[in-house]
Amino acid sequence: MPGYPVTRIMLKTATPPRRAVLALSLAAPATLLPGCGTTPAQAQRAALPDFADLAERVLPAVVNIAVQGEAPAQPPPEFRGTPFERYFRGRRERTQGAGSGFVIDPTGFVVTNNHVVGTSTRVSVSLQNGTELPARVVGTDELMDLALLRVEPRTSLVAVAWGSSNAMRVGQWVLAAGNPFGLGGTVTSGIVSARGREIGAGPFDDFIQTDAAINPGNSGGPLFNVAGEVIGISTAIYSPSGANAGIGFATPSDLARPVIEQLRRDGRVERGWLGVSVQDLVPEQPTGRRAVLVTEVVQGGPSQRGGLRRGDVVMSVNGERTETSRALVRYVAAIAPGQPVRLSVTRDGRSQELTVLVGRRPASPS
């Protein structure tokens, strides 16, 4: 059943000292700020953004997604391991799921998560005005958990523009929109809590963390900056309960946009691949230079044909310094298969230049 990935973690709560509790329970008298005639609370409210105009502008482009599919029937727990279990073998049952998405083109292109559509047999998109449209899956990308849908509207749709996730700073305001728990168009606000988060979802982890409320059903929904541009796509949450705990993750727009453009153009995503296993090489001295160590070379792969060996230290690619294995993988993945890359490596204490023809990343690379 298509669903919303939830990583459950154990949280420890701390009980504040009684003195602090009492202090918080006391209401301080209102104090006017010198020269402005306002209380601190009034000044604080004035400093907070008003998202009403922003929500009104972007919500028409946010859609609800309903999916139907089939999955192998699962016997009830009490039937497992009994003779009755065989009656469920070979049977299939219908599944249903819900998620969110957003329109990027008035002609009807909609972005969502791959895990929202999954292997669904039927996908429909509901607009904010209640109009329901059948949708076709143009293409999906499992590694980035992205999908592109196409609907055929009778009139032009309201669309939203991409923004730059790289321009976002920790602490800046964001607005999340989607279809939490199937309730329909909902917005929540928060800030960028962190950038570059790795949560074990895959080799391209580079998530925006936000405290804007994200719940099951928000998957595939947009994360907006205050200008109304999409700077992220809600993808996952950390939660001990399955609901919002103030830690949500969004795929950055600067990573998602080229994938969506490729899906729109070709219906699939092709990524570059070197055919190596690598790990970070951290220098012993704080002033030392970080690099990437080659731990394995795939037999017959692009790197072996290009002369790369196990134990080589990759210092740069095409003249750009390489300090982490994740950065190296992402850099090569963005290169079209068949294109050459120049690797500067250190082998046995000596610097060498190697040219490797980038291969096509297989479905399950070594």
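Quick check on segment 231-244. Is at least one of its residues modelled with pLDDT under 90, among the aromatic types (F, W, Y) and under 30 Å from P302 (Cα atoms)?
No; the residues of segment 231-244 include none that is modelled with pLDDT under 90, among the aromatic types (F, W, Y) and under 30 Å from P302 (Cα atoms).
Considering only residues that are under 14 Å from V111 (Cα atoms) and either within 17 Å of the chain's Cα centre (by Cα) or assigned to a strand (DSSP E or B) (or both), which ones fall in segment 143-172?
The answer is M144, D145, L146, A147, L148, L149, R150, W162.
One line per residue, one yes/no per condition, for (1) closer than 25 Å to Y331 by Cα; (2) in contact (Cβ under 8 Å) with a residue 40 or more places away in the chain; (3) over 16 Å from the mean Cα position of the chain (by Cα); (4) outside any strand (DSSP E or B):
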residue: V174; (1), (2), (3), (4): no, yes, no, no
residue: S189; (1), (2), (3), (4): no, yes, yes, no
residue: P203; (1), (2), (3), (4): yes, yes, no, yes
residue: A213; (1), (2), (3), (4): no, no, no, yes
residue: P216; (1), (2), (3), (4): no, yes, no, yes
residue: S219; (1), (2), (3), (4): no, yes, no, yes
residue: G228; (1), (2), (3), (4): no, yes, yes, yes
residue: G232; (1), (2), (3), (4): yes, yes, no, no
residue: A236; (1), (2), (3), (4): yes, yes, no, no
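Given the residues E261, E296, which is the only one that is outside the structural domain of S351 (by TED's automatic domain parsing) and out of contact with any helix residue (DSSP H, G or I) (no Cβ under 8 Å at 6 or more places or on another chain)?
Unique residue meeting the criteria: E261.
When segment 106-135 is examined, which residues are found to be out of contact with any Leu (no Cβ under 7 Å at 6 or more places or on another chain) and surrounded by fewer than 14 Cβ atoms within 10 Å (Cβ to Cβ)?
T107, T119, T121, R122, N129, G130, E132, P134, listed by residue number.
From the list P302, P365, P337, P286, which residue is under 21 Å from P203 (Cβ atoms), of a type outside the set (K, R) and at pLDDT below 90?
Residue meeting the stated conditions: P365.
Anything in segment 270-289 that is in contact with a Ser or Thr (Cβ under 7 Å, 6 or more places away or on another chain) and charged (D, E, K, R)? List them, or say none.
D280
So is R342 among the basic types (K, R), closer than 19 Å to F204 by Cα and either in contact with a Phe, Trp or Tyr (Cβ under 6 Å, 6 or more places away or on another chain) or outside the structural domain of G200 (by TED's automatic domain parsing) (or both) or not?
So R342 fails the test.
Residues that are loosely packed, with under 15 Cβ neighbours inside 10 Å, at least 3 per element: which helices (runs of 4 or more DSSP H) completely within segment 246-353 meet that?
Counting at least 3 such residues, we get 253-266.
The values are calculated or read from the model by the stated rules, or taken from the named source; none is laboratory data. The structure presented is a predicted model; accordingly, all values stated were derived computationally and were not measured. Note: ideal-geometry Cβ built from the backbone for every residue, glycine included; neighbour counts use all protein chains shown.
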